[in-house]
Amino acid sequence: MNNQIINTEIITKKQIKDSLLDFVSRQFLVDKEDIELDKSLIDTGIIDSMGLIEISTFITQNFNFKVSVDQMTRQNFGSILLLVDFIDKNKRFN
Amino acid sequence: MKNIKRCTRCILSENFPKIEFDEKGVCNICNNELLCSTDSVIIDKARGEIKNLFDVARGKSEYDAILCYSGGKDSTYTLKLAVEKYNLKVLSFTLDNGFISPTAFRNIEKVVSKLGVDQITYRPSYKFMKSLFRLSSLETIYNPRTLIRISANCNSCISIVNNTALKLALEKDIPFILAGFTLGQIPCNTIYYKNNYEFLKDTRKPILDKLKSQLGDEVSRYFEISDSLITKSGFYPHNINLLTLEDITENEIIEEILPMGWEIPKDVDGCSTNCIINAFNNHIHNEKYGYSPYELELSHLIRNGQIARERALEKIYDRPVDQIEYTYRELEIKHN
Ligand SMILES: [Zn+2]
């Protein structure tokens, strides 16, 4: 499933976005089409504050870096697009 | 009511969000093991990391951990684990929401005495709790999407539990906050975590604003932590759900806690072992959304072999009318 992507050499931003959208739609029971990429998942009512914890654990498990408490900000977690940038900058390969 | 269509393997009903059934009547969640059901790799990894966290922090503060103790079976067993298996010096903390069963209080007394731990009970103003419950029953405070595994009233109550536990942890330099959630009640990627309080505060603001507009500034006392306390303490505790690391059935949990004098309360509904308002909360959730907030958790336990399907159905259909009526009266909500 999602774990596969960590084994590829290069992960494009598109792959990060697809994997995030898969996770969010599966985990929070929402259709992908209903997720607005540039809006906050909290403001649009898809997740609550626990959802942020779930997303940060998902990132750690799938992109091989630990999200520190200081990184959990609106700047990084404020929307799917911001998350993609954040993951792209911090991702590591096995 | 009982002829509602349900998955033939778990108990998710046709009203559950995004549910689909295949030709055999099995739901998409059973078929795909969605919602991160049992990932033994994740759990094993968490087990090791949690052990390390405990080993590093044990003995460095007045208490190693504060445990949110409701008196129910799961948190009772979690308290026993924390003390006996993990060797932690625990402060047990109970939020009295005004609807705790008297049997649950006796259970708390017996268990903390038996385990030799300190116990704090915090009872917010009953007047406030009633108006909070009335508001979260009658109005849509939380987005329905975030209520798939919890009723609105439980959500309100647990927010106060979490906030008070965090406050106590910060005041007393306690590195861990423990709770007795099971997988199913929480997803497996929240077995342990740290919060960023600033961001948390930011994200909860719209809900707190809604609460404050109806209930006044008193909301702050129960739902917020002062900036000065955050700055002064300068650390964030870890939240850890120890019970998620155990492979144990409901019956085995009860067998483990009965010797401490724990008794099953008779004045609660089938889904609770401590709280009288639960029957009402589930009733409101059922009326509003057409499914029980316990369906997801119980279905997870069924798939994991931790409870029989029949037993799970018994639980969600145990809806004591007297407790529901009692709550309507206490909250002063008129109904037909
Ligand atoms: Zn099912």
Among B:Ser40, B:Ser75, B:Ser70, which is the only one that is at negative phi and modelled with pLDDT under 95?
-> B:Ser40
Any chance the range B:143-158 includes a residue that's closer than 19 Å to A:Val69 by Cβ and either open to solvent by less than 10 Å² (accessible area, probe 1.4 Å) or within 10 Å of chain A (Cβ to nearest Cβ) (or both)?
-> no
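Among the residues of the range B:54-73, count how many are of a type outside the set (A, V, I, L, M, F, W, C) and crowded, with 20+ Cβ neighbours inside 10 Å. So that I can check it myself, show each step before the final result.
Taking the range B:54-73 as the starting set, the residues that turn out to be of a type outside the set (A, V, I, L, M, F, W, C) are B:55, B:58-64, B:69-73.
Going one step further and asking which of them are crowded, with 20+ Cβ neighbours inside 10 Å, we end up with B:63-64, B:69-73.
Here the count works out to 7.
What number of residues within the range B:277-295 are assigned to a loop (DSSP other than H, G, I, E, B) and either within 16 Å of the ligand (Cβ to nearest atom) or surrounded by fewer than 24 Cβ atoms within 10 Å (Cβ to Cβ) (or both)? Steps first, please.
Restricting attention to the range B:277-295, the residues satisfying the condition of being assigned to a loop (DSSP other than H, G, I, E, B) are B:277, B:290-294.
Add one more test, that the residue is either within 16 Å of the ligand (Cβ to nearest atom) or surrounded by fewer than 24 Cβ atoms within 10 Å (Cβ to Cβ) (or both), and what stays is B:290-292, B:294.
Residues meeting the conditions: 4.
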Out of the range A:41-66, which residues are assigned to a helix (DSSP H, G or I), facing chain B (nearest Cβ under 7 Å) and within 14 Å of A:Leu21 (Cβ to Cβ)?
-> A:Phe58
Only unsatisfied item for A:Leu29, checking (1) facing chain B (nearest Cβ under 7 Å); (2) under 12 Å from A:Phe77 (Cα atoms); (3) assigned to a loop (DSSP other than H, G, I, E, B), is (2)
Within the range B:179-270, helices (runs of 4 or more DSSP H) holding 2 or more residues that are under 29 Å from B:Ala46 (Cβ atoms), of a type in the set (Ser, Thr, Tyr) and open to solvent by less than 20 Å² (accessible area, probe 1.4 Å) | B:197-215
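Which residues, counting only those in the range B:296-336, are assigned to a loop (DSSP other than H, G, I, E, B) and not small (Gly, Ala, Ser)?
Of all residues in the range B:296-336, those assigned to a loop (DSSP other than H, G, I, E, B) come to B:304-308, B:318-320, B:331-336.
Matches in the range B:296-336: B:Asn304, B:Gln306, B:Ile307, B:Asp318, B:Arg319, B:Pro320, B:Leu331, B:Glu332, B:Ile333, B:Lys334, B:His335, B:Asn336.
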State which residue is farthest from the other protein chains (Cβ to nearest Cβ) when the search covers only the range B:25-37 and only residues that are modelled with pLDDT of 85 or more and part of a loop (DSSP other than H, G, I, E, B).
-> B:Gly25
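Conditions tested, residue by residue: (1) assigned to a loop (DSSP other than H, G, I, E, B); (2) within 16 Å of the ligand (Cβ to nearest atom).
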position: B:Asn15; (1), (2): yes, yes
position: B:Glu23; (1), (2): yes, yes
position: B:Lys45; (1), (2): no, no
position: B:Phe54; (1), (2): no, no
position: B:Lys80; (1), (2): no, no
position: B:Glu84; (1), (2): no, no
position: B:Gly98; (1), (2): yes, no
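Tell me, which residue of the range B:308-332 that is hydrophobic (A, V, I, L, M, F, W, C) and open to solvent by 20 Å² or more (accessible area, probe 1.4 Å) is nearest to the ligand (Cβ to nearest atom)? Before the answer, list the steps.
From the range B:308-332, those hydrophobic (A, V, I, L, M, F, W, C) are B:308, B:312-313, B:316, B:321, B:324, B:331; that's our starting set.
From the residues that got through so far, the ones that are open to solvent by 20 Å² or more (accessible area, probe 1.4 Å) too are B:308, B:313, B:321.
Numbers: B:Ala308: 15, B:Leu313: 13, B:Val321: 29 Å.
My answer is B:Leu313.
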Does the range B:143-153 include one or more residues that are touching a residue at least 40 places away in the same chain (Cβ under 8 Å) and farther than 24 Å from B:His300 by Cβ?
-> no
Please identify the pairs in which a residue from the range B:161-174 that is farther than 20 Å from B:Lys89 by Cβ has its Cβ atom under 8 Å from the Cβ atom of a residue that is in a helix (DSSP H, G or I) and open to solvent by less than 30 Å² (accessible area, probe 1.4 Å), counting only partners at least 6 apart or on another chain.
-> B:Asn163/B:Tyr222; B:Asn163/B:Phe223
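For the range B:1-13: of the residues being among the charged types (D, E, K, R) and closer than 20 Å to B:Asn286 by Cβ, which is nearest to the ligand (Cβ to nearest atom)?
The first filter runs over the range B:1-13 and keeps only residues among the charged types (D, E, K, R), leaving B:2, B:5-6, B:9.
Checking the rest, the ones that are also closer than 20 Å to B:Asn286 by Cβ come to B:2, B:5-6.
Values: B:Lys2: 17, B:Lys5: 11, B:Arg6: 8 Å.
By that ranking, first place goes to B:Arg6.
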With respect to the numbered conditions (1) within 16 Å of the ligand (Cβ to nearest atom); (2) under 30 Å from B:Ser131 (Cβ atoms); (3) hydrophobic (A, V, I, L, M, F, W, C), which one is the sole condition not fulfilled by B:Leu91?
-> (1)
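Can you confirm whether B:Ile19 is within 14 Å of the ligand (Cβ to nearest atom), in contact with a helix residue (DSSP H, G or I) (Cβ under 7 Å, 6 or more places away or on another chain) and either assigned to a strand (DSSP E or B) or at negative phi (or both)? So that I can check it myself, show each step before the final result.
Working: within 14 Å of the ligand (Cβ to nearest atom): yes; in contact with a helix residue (DSSP H, G or I) (Cβ under 7 Å, 6 or more places away or on another chain): yes; either assigned to a strand (DSSP E or B) or at negative phi (or both): yes.
So B:Ile19 fits the description; yes.
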Being in contact with a strand residue (DSSP E or B) (Cβ under 9 Å, 6 or more places away or on another chain) and surrounded by fewer than 18 Cβ atoms within 10 Å (Cβ to Cβ) is the filter; apply it to the range B:121-142 and report the residue that is farthest from B:Pro237 (Cα to Cα).
-> B:Arg123
Consider B:Ala104 against the criteria (1) surrounded by fewer than 20 Cβ atoms within 10 Å (Cβ to Cβ); (2) in contact (Cβ under 8 Å) with a residue 12 or more places away in the chain: it satisfies all of them except one. Which criterion is unmet?
-> (1)
Could you list, in sequence order, all residues of the range A:67-93 that are out of contact with any helix residue (DSSP H, G or I) (no Cβ under 6 Å at 6 or more places or on another chain), of a type in the set (S, T, N, Q) and not in a helix (DSSP H, G or I)?
-> A:Ser68, A:Ser79
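The values are calculated or read from the model by the stated rules, or taken from the named source; none is laboratory data. Note that this is a predicted model, so its numbers are computed, not measured. Note that each Cβ is placed from the backbone with ideal geometry, even for glycine, and that neighbours are counted across all protein chains shown. Remember, those area values only see protein heavy atoms, side chains included, never the ligands or the DNA or RNA. Shrake-Rupley method; radii C 1.70, N 1.55, O 1.52, S 1.80 Å.
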